[in-house]
Amino acid sequence: MKFVAYKTIKNRFMFNIKGKVALITDTSSGIRETTAKKLTEHRAKVEITVQRTKRLECIKADFEQTDCG
């Protein structure tokens with residue numbers, strides 16, 4: 001088994017996703033929300049789904065760094 005350094009894996013994945021589309025379902029909180037944020041930081045296009053409309057508004061506000069009210 002060959003082990004690859006984390007930095008190498010990170011560079012292969014996170015910096016080659018510009019313009020790619022990711023669909024993350026049930027992005028209510030936790031790892032899915034964090035993943036969506038990280039993908040957008042690296043210029044991927046991200047589509048998210050949630051079950052509660054209010055939560056979607058808060059996630060959108062968080063992405064835009066505004067208050068969800």
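What follows is calculated from the coordinates using simple rules that are stated; it is not laboratory data. All figures in this text were calculated on a predicted structure; none of them were measured in a lab.
For the reader, a short list of remarks on this structure follows.
- Per-residue 3J(HN,Hα) values for region 45-59, derived from phi via the Karplus relation 6.51 cos²θ - 1.76 cosθ + 1.60 with θ = phi - 60°, read 8, 10, 10, 10, 10, 9, 8, 10, 4, 4, 5, 4, 4, 5, 5 Hz in sequence order (x marks Gly and Pro).
- Shown in residue order for region 31-38 are the 3J(HN,Hα) couplings computed by the Karplus curve 6.51 cos²θ - 1.76 cosθ + 1.60 at θ = phi - 60°: 5, 5, 5, 4, 4, 4, 5, 5 Hz (x for Gly and Pro).
- Taking each residue as 0.36 nm, the span from Lys54 to His42 lengthens on full extension beyond its C-alpha to C-alpha distance by 1.7 nm.
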